[in-house]
Amino acid sequence: MRGFLSKIRNTTTRIVLCFPDMISETPFGFRVTKVKNVMILTLLVSSAAAVPIFSVETADLQPSPATATAFVYDPIYFKHLPGPGHPERPERLQAIVEHLEQTGLAAQGLSLHPKPDISEWIAAVHTEEYIRHVERLCADGAKDLDTGDTAICPDTYRVACAAVGGVLAAVDAVMDGRARNAFCAVRPPGHHATPSRGMGFCVFNNVAIAARYVQKRHGANRVLIVDWDVHHGNGTQEIFYHDPTVLYFSIHQYPFYPGTGSAKERGEGPGEGTTINVPLPAHTLEEEIIHVYSETLVPAAMQFKPDFVLISAGFDAHRDDLLGSLEMTEDGFATLTRIVKEIAEQCCRGRIVSVLEGGYTLDALSRSVERHIRALME
Ligand SMILES: [Zn+2]
């Protein structure tokens, strides 16, 4: 009995695991009930009145909230080489890492590296046929992913797997309580990748896989994905279009690549209403974008009550970006971060994993990431 009690003091999950064994080993039965924040284990002796044997604050059963912001980065992410002149180049990551080192931020975070053996989680979102197709094309030395406009090299498959592994490592750290939130400096990006089709520089949908992972591995019910990349995340939208457990919110330049993301696309069937698109014309001002977050995202998210928040953090909505034509600044990205943080603080103990998507002008990208991480650390 002592062993049993010491186990259940550790985590709520272990109560579930141990409980059936106890019933089968003893003539007694147990019932676990929760009243507000107190977990009560009741010993049931025959049909007589049940006797509560102890109670414990459920807060004691949760990992204490960490204060650190985790930072995911690994040199393997440099090995995806789309070729000379391509905007999604390793120098993007180099600029971010050097800037975070120069500003001292890199040393302040909890450093994480990719989780290995994550292929089953990639398969939770992508078809087996597509995954094998990417692997084969890379092994054959193909220059392009023939499912969409994505340049590849022989290392792309393992780098794309490592990008997923990095994001899943961040999810673990936040869910285990080692970090309060996390930023993942990974590439290739992911939000254009559909279950069977890589496109738009994306191979595997890092954020969508993380959403499925936090649901299935960590038991989160509802996941909010906030996508502030200048492009619409058509892949993420498609993956969760019929799924009411994932709220996908995107602001993006429109009309623009990839052509999807009109306000009429709101989800279908049980997922109707859990896709929210806010298409914006080129040169929309930062104030307007921040206003959309306050007036549209916040009420929707507070009603949805996410258990976990993911950010598709593309910084190509910056006014200096090579590809995008929205008018965000690094100040604006810090403000958006604080808005999303407030949602996470209200709903899910501040649990956020932010994942790099686009952003193609190096100094604007690295300064925006810095401000984003500083806001996550506040
Ligand atoms: Zn983008």
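Condition first: part of a strand (DSSP E or B) and within 16 Å of the ligand (Cβ to nearest atom). Now tell me which residues in the range 336-360 satisfy that.
Hits for the range 336-360 are SER354, VAL355, LEU356.
Residues of the range 102-127 being under 19 Å from SER366 (Cα atoms), out of contact with any strand residue (DSSP E or B) (no Cβ under 9 Å at 6 or more places or on another chain) and hydroxyl-bearing (Ser, Thr, Tyr), which ones?
Selection gives THR103 alone.
Taking ALA95 as the residue in question, decide whether it is at pLDDT 95 or above, assigned by TED's automatic domain parsing to the domain that holds ASP320, over 30 Å from GLU345 (Cα atoms) and in a loop (DSSP other than H, G, I, E, B).
The answer is no for ALA95.
Do we have SER294 as away from the ligand (no atom under 16 Å from the Cβ), assigned to a helix (DSSP H, G or I) and buried (at least 18 other Cβ atoms within 10 Å of the Cβ) here?
In short, no.
Among the residues of the range 180-203, what is the count of those that are crowded, with 24+ Cβ neighbours inside 10 Å, more than 16 Å from the ligand (Cβ to nearest atom) and either closer than 16 Å to ASP149 by Cβ or aliphatic (A, V, I, L, M) (or both)?
1
Hey, could you check the range 218-243 for residues that are within 16 Å of the ligand (Cβ to nearest atom) and of a type in the set (A, V, I, L, M, F, W, C) and say which is farthest from ILE352 (Cα to Cα)?
VAL230
State all residues of the range 299-335 that are within 16 Å of the ligand (Cβ to nearest atom) and either modelled with pLDDT under 95 or surrounded by fewer than 20 Cβ atoms within 10 Å (Cβ to Cβ) (or both); if no residue qualifies, say none.
Of everything in the range 299-335, those that are within 16 Å of the ligand (Cβ to nearest atom) and either modelled with pLDDT under 95 or surrounded by fewer than 20 Cβ atoms within 10 Å (Cβ to Cβ) (or both) turn out to be ARG319, ASP320, LEU322, LEU323, SER325, GLU327.
Could you tell me which of the residues HIS231, HIS133 is surrounded by 21 or more Cβ atoms within 10 Å (Cβ to Cβ), assigned by TED's automatic domain parsing to the domain that holds GLY324 and not aliphatic (A, V, I, L, M)?
HIS231
The values are calculated or read from the model by the stated rules, or taken from the named source; none is laboratory data. Please read all numbers here as calculations on a predicted model, not as lab measurements. Quick reminder, even Gly has a Cβ in these numbers, built from the backbone with ideal geometry, and neighbours come from all protein chains shown.
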